[in-house]
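A short write-up of the structure that comes next.
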Amino acid sequence: MKDSLKLNNFERSLFIIKPDSYKYKNEILNELRANNFELQYVRDVILSKNFLLKLYSAEDDDIVNLLNIEYFLNKTATIGIVAGENCKKRLFEVCGEQYIPDMCDKNSIRYKYSTIREPISLHGYEFYINAIHRSLPKDAENEIELYMEEYIRNRVKEVDIGDR
């Protein structure tokens, strides 16, 4: 029975529908479902600077990290955790393998739902906006853990037992 479940290839990964593509949230979520991802968790959030600093510290480009952080601040986004067989690699492919939307496959989420095609200028740097953050396969578990610690476990710890 266990062999038929293929639990060895069951994985999870994190995604964030970015503010400029938030208006396509339902279409993007439906596309994830259509690609056989199980949506384990989906929540609209305004991401904290603390979380964003941790999320983008793994990237190699400090300028891009800072621009990503500034881009997200005080804007609504949707964060989620998907699961499924070979989820990490498949999410990366379905969302788009390139940073610049027009360099992604035309069927990818980044290509189809990115609303800004030209680079924007922030602090004198050109910066591309794509529709969705998806974990790199090697970073998926760490990003899920980062999100859980920042938004789930810390919120539970904040509840005062005396208030119940």
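Scanning residues 5 or more positions from residue 132 or on other chains, those with amide H under 5 Å from its amide H are 18, with H placed 1.01 Å from N in the peptide plane.
If you roll a 1.4 Å probe over the stretch 1-119 with all protein chains in place, what percent of the accessible area is carbon or sulfur? Carbon and sulfur together cover 46 percent of it. From its DSSP helices (H runs of at least four residues, each -39,500 (n - 2.57)), the chain gives a residue-normalised ellipticity at 222 nm of -9500 deg cm²/dmol. Dipole magnitude for the stretch 98-140: about 200 debye, using +1 per Lys or Arg Cβ and -1 per Asp or Glu Cβ, origin at the Cα centre. Residue-wise HN-Hα couplings along the stretch 63-71, as the Karplus relation 6.51 cos²θ - 1.76 cosθ + 1.60 with θ = phi - 60° gives them from phi, are 5, 4, 4, 5, 5, 4, 4, 4, 4 Hz; Gly and Pro carry x. Label-to-label distance, residue 70 versus residue 46, with points set 7 angstrom from Cα along the beta-carbon direction: 2.0 nm. Spin-label model, residue 115/residue 53: points 7 Å from Cα along the beta carbon direction are separated by 2.9 nm.
Remark: the stretch 115-132, residue by residue, has Karplus-estimated 3J(HN,Hα) of 8, 10, 8, 9, x, 9, 9, 10, 6, x, 10, 7, 9, 8, 9, 10, 6, 8 Hz, where x stands for each Gly or Pro and the curve is 6.51 cos²θ - 1.76 cosθ + 1.60 at θ = phi - 60°. Across the stretch 30-37, rounded Karplus estimates of 3J(HN,Hα) from the backbone phi angles (6.51 cos²θ - 1.76 cosθ + 1.60, θ = phi - 60°) give 5, 5, 4, 4, 4, 9, 6, 9 Hz, Gly and Pro being marked x. Cα-Cα over 26 Å: which of 18/138; 23/49; 23/138; 49/89; 18/54? Over 26 Å Cα-Cα: 23/138; 49/89. Among 105-111, 42-48, 129-135, 74-80, sorting by the average number of other beta carbon atoms lying within 10 angstrom of each residue, highest first, gives 129-135, 105-111, 74-80, 42-48.
Placing 71, 24 in order of accessible area, with the largest value first and a 1.4 Å probe, yields 24, 71. Proximity of backbone amide H atoms, modeled 1.01 Å from N, is registered between residue 10 and 86 at under 5 Å, excluding neighbours fewer than 5 places apart on the same chain. Computed from the alpha carbon atoms alone, the convex hull of the chain holds 141 Å³ per residue.
The values are calculated or read from the model by the stated rules, or taken from the named source; none is laboratory data. Every value quoted in this text rests on a predicted model; they were computed, and no experiment measured them. All Cβ positions, glycine included, derive from the backbone under ideal geometry; neighbour counts span all protein chains shown. Only protein heavy atoms, including side chains, enter the accessible area calculation; ligands, DNA and RNA are left aside. Shrake-Rupley method; radii C 1.70, N 1.55, O 1.52, S 1.80 Å.
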